[in-house]
Amino acid sequence: MAAASAATTTWRLLRRHHPSHPAVLLLLLRASISSSRALLQQPELSPDPPAAAAAPADSAPLPPKPSSGSPFYGENWRNPAAANPSSSLLPAVIAGGPLNAHSRAMVYSASPGAAELKETFAKWMAEQRWEEMKQLFEFWVRSLDPATGKPNRPDVDLFNHYLRAHLMSGALPIEMLDLAEQMREFEITPNTASHNLVLKSMVQAQEAEGAEKLIERMLQTGTAPDDESYNLVVNLLIRLNHVDSAMKYLDLMLKSGYTISSIVFSDYVRACVRSGRLDTLASVIEKCKATDQNKVLCPQWSWCVEIAEAAFEANNSKLGLFALEYLARWIARSERVIPPLHLSVDEGLVLSALSAAGRTYSTDLLNAAWSILRKSLRQKRAPTPEAYLAKIYAHSSIGQLQRAFSTLREFENTYGNFEDIDSELFSPFTSLQPLVVACCKDGFTTLDSVYVQLENLSSADSPYKSVAALNCVILGCANIWDLERAYETFEAIKEKFGLTPDIHSYNVLLHAFGKRKKTEEACNVFQHLVSLGVKPNATTYSLLVDAHLVNRDPKAALAVIDEMVDVGFTPSKETLKKVQRRCYRESDFDSDEKVQSLVKQFSYRMGGENRREMLYNIDYGSVFGSNREE
């Protein structure tokens with residue numbers, strides 16, 4: 001009331017004085033306002049809204065709210081102009097960027113549906129317009145479908161395009177995982193292709209642990225991994241040298257019938273060879289050969305050679321056989337191209353294969369090695385003598401005597417008539433020693449069987465008469481201490497087979513007499529062959545020295561060595577060791593000095609005999625006697 005009376009008084013004054021200048025009126029009005037008392041203003045709360053009436057207890061409930069399949073349903077359902085709100089689900093489109101408002105409107109009007117949008121994405125993928133793909137997708141899911149007036153709902157294929165755009169833009173694995181998880185907000189379940197895109201980002205970041213967990217999650221949730229999923233994980237594990245884990249998923253691939261990529265297979269082969277997991281590699285190759293999808297897999301030529309070398313060195317016949325099969329496949333491919341390449345395997349590798357076949361008793365490896373050697377030579381030349389000898393060794397080791405002698409026959413037909421061929425190639429003491437051991441494996445039974453077969457072959461339609469084969473039988477008889485069989489076989493060379501004994505024939509007979517301490521007969525054999533004009537070789541003199549040493553006559557042995565040196569042969573280190581050892585045991589110091597002079601003459605380092613002498617001087621009788629008394 002006081003304020004109202006003050007205002008009335010001020011108005012009366014203004015009317016009474018009628019100020020002519022506006023400024024005076026303004027001053028009077030301001031003075032009147034400032035002199036008025038301030039009114040008390042206290043905030044008052046708005047009354048509570050009236051409570052909704054409770055529904056009756058017996059009323060039926062409403063159906064659930066229909067789902068639109070879009071998390072933006074509540075944001076732009078009634079307000080299409082607010083199509084780009086800020087949201088943590090998808091990043092907002094930057095204004096003024098590559099896809100501005102005008103361009104978005106044009107694209108949206110040109111591709112209103114999901115099918116048209118996929119076609120647009122397919123075109124942009126070829127042009128690698130990844131940023132524009134992301135922006136268009138984010139704009140499209142915030143827009144309304146012109147046909148229904150509801151928010152656009154992407155399917156899994158369309159969302160995978162969005163994932164691929166992020167992947168090609170360099171998104172991190174954690175970002176890809178978040179995007180894949182956001183698919184569920186659109187009521188979309190990520191499929192195998194979605195997970196593969198996430199796996200690719202993990203491969204790029206070399207996150208092996210995350211890739212393994214994702215594969216395990218796919219298996220647990222029922223989203224079956226496909227060929228690409230396994231290949232991605234296995235390739236990542238191999239690159240990080242997790243070979244054992246890679247083997248686990250390779251095994252799952254093969255059990256599921258999936259196809260291993262050639263790159264993954266080659267990388268796995270390389271990793272197994274470098275880490276020495278040859279048995280594991282052989283197992284994987286065997287499983288691949290058992291499936292139609294993977295039996296065509298084949299490493300590169302160079303890695304096939306490395307697999308073979310590692311397998312032969314480790315005596316792994318199964319893996320070596322697989323490597324030779326791969327090499328044979330490459331040779332067949334090279335002959336079908338135009339112009340032909342004519343790949344060939346090094347003969348040294350074949351020798352290693354034949355030796356491994358003999359050590360592992362593998363007939364399949366032997367046959368495969370000889371077959372690939374024939375393919376590599378292409379009938380341009382015969383195999384080398386070393387190849388024939390390796391094949392004889394393999395057959396003899398396996399116990400295939402008939403095939404061993406057949407190979408010896410082929411070897412003699414190829415190189416037997418060469419004048420410059422080394423005679424030691426047919427020596428039963430060195431080159432044919434494996435065949436000799438196989439002949440006397442079961443004693444006289446095997447020797448008699450071999451002799452009978454040789455006798456039958458000599459009278460066949462295409463007769464086979466071989467002095468080298470008979471020499472092996474004679475040496476086998478000498479090895480079982482059967483002098484009578486050895487001598488009869490020696491006589492049969494001339495009488496029954498009509499052949500002339502060579503120096504190796506006389507050597508094996510001399511050896512048979514020497515082993516039985518018949519030194520005089522051995523010397524007679526030596527005199528006989530010299531009288532026939534047969535030139536002795538180094539083996540002849542070494543065997544004669546052994547015959548004298550068995551008879552405990554080091555002086556006679558040294559006399560033979562002197563004769564041996566005079567004719568131009570060099571005694572071996574082993575021969576001088578035998579003579580020196582006999583001199584020690586016979587206390588022949590004069591002969592020992594002569595041996596020392598020969599050692600210096602030929603610059604040998606003999607080494608000590610202490611350990612051998614300790615074993616030789618042990619009084620076993622006293623030791624055993626004391627043990628019995630106790």
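The values are calculated or read from the model by the stated rules, or taken from the named source; none is laboratory data. Computed from a prediction, not measured in an experiment: that's the story for all the values here. Counting neighbours? That spans all protein chains shown, and the Cβs are built from the backbone with ideal geometry, glycine included. Heads up: the accessible areas ignore ligands, DNA and RNA and are worked out on the full protein's heavy atoms, side chains in. Shrake-Rupley method; radii C 1.70, N 1.55, O 1.52, S 1.80 Å.
A few notes on this one:
- Of the helices (runs of 4 or more DSSP H) lying entirely inside segment 574-630, those containing at least 1 residues that are basic (Lys, Arg), under 20 Å from residue 558 (Cα atoms) and at pLDDT 90 or above are 589-601.
- Residue check, residue 447 part of a helix (DSSP H, G or I) and out of contact with any Gly (no Cβ under 7 Å at 6 or more places or on another chain): no
- Residue check, residue 426 in contact with a Lys or Arg (Cβ under 9 Å, 6 or more places away or on another chain) and within 25 Å of residue 507 (Cα to Cα): no
- In segment 165-198, the qualifying residues are those that are among the β-branched types (Val, Ile, Thr) and open to solvent by 10 Å² or more (accessible area, probe 1.4 Å), and the one that is farthest from residue 117 (Cα to Cα) is 174.
- Residue 525 vs. criteria surrounded by 21 or more Cβ atoms within 10 Å (Cβ to Cβ) and either farther than 26 Å from residue 485 by Cβ or modelled with pLDDT of 90 or more (or both): yes
- Per the conditions (1) in contact with a Ser or Thr (Cβ under 8 Å, 6 or more places away or on another chain); (2) more than 22 Å from residue 564 (Cβ to Cβ), the sole criterion not satisfied by residue 483 is (1).
Table: residues versus (1) aliphatic (A, V, I, L, M); (2) more than 21 Å from residue 405 (Cβ to Cβ); (3) open to solvent by less than 30 Å² (accessible area, probe 1.4 Å).
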| residue | (1), (2), (3) |
| --- | --- |
| 437 | yes, no, no |
| 448 | no, no, no |
| 467 | yes, no, yes |
| 472 | no, no, yes |
| 478 | yes, no, yes |
| 500 | no, no, no |
| 521 | no, yes, no |
| 531 | no, yes, no |
| 539 | no, yes, no |
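- Index of the failed condition, residue 372 passing every other in (1) within 18 Å of residue 321 (Cα to Cα); (2) free of Cβ contacts under 8 Å to residues at least 24 places away in the same chain; (3) open to solvent by less than 30 Å² (accessible area, probe 1.4 Å): (2)
- Flag for residue 400 being farther than 19 Å from residue 506 by Cβ and modelled with pLDDT of 90 or more: yes
- For the residues 99, 117, the requirement of being under 26 Å from residue 193 (Cβ atoms), open to solvent by less than 60 Å² (accessible area, probe 1.4 Å) and either in contact with an Asp or Glu (Cβ under 6 Å, 6 or more places away or on another chain) or modelled with pLDDT of 90 or more (or both) singles out 99.
- When segment 342-390 is filtered for residues that are of a type in the set (A, V, I, L, M), within 24 Å of residue 422 (Cα to Cα) and part of a helix (DSSP H, G or I), the ones remaining, listed by number, are 349, 350, 351, 354, 373, 377, 387, 389, 390.
- Among the helices (runs of 4 or more DSSP H) confined to segment 169-238, the ones with at least 3 residues that are of a type in the set (Asp, Glu) and more than 21 Å from residue 265 (Cα to Cα) are located at 173-182.
- Some residue of segment 136-144 being buried (at least 16 other Cβ atoms within 10 Å of the Cβ), at pLDDT below 90 and among the small types (Gly, Ala, Ser): yes
- Residue 386, sole failed condition from (1) among the acidic types (Asp, Glu); (2) touching a Leu at 6+ places or on another chain (Cβ under 8 Å); (3) touching a residue at least 40 places away in the same chain (Cβ under 8 Å): (3)
- Enumerated helices (runs of 4 or more DSSP H) restricted to segment 465-572, each holding at least 1 residues that are closer than 22 Å to residue 434 by Cβ and not assigned by the TED database to the domain that holds residue 433: 538-550
- Residue count for segment 133-183, restricted to those that are small (Gly, Ala, Ser), within 22 Å of residue 196 (Cβ to Cβ) and in contact (Cβ under 8 Å) with a residue 12 or more places away in the chain: 4
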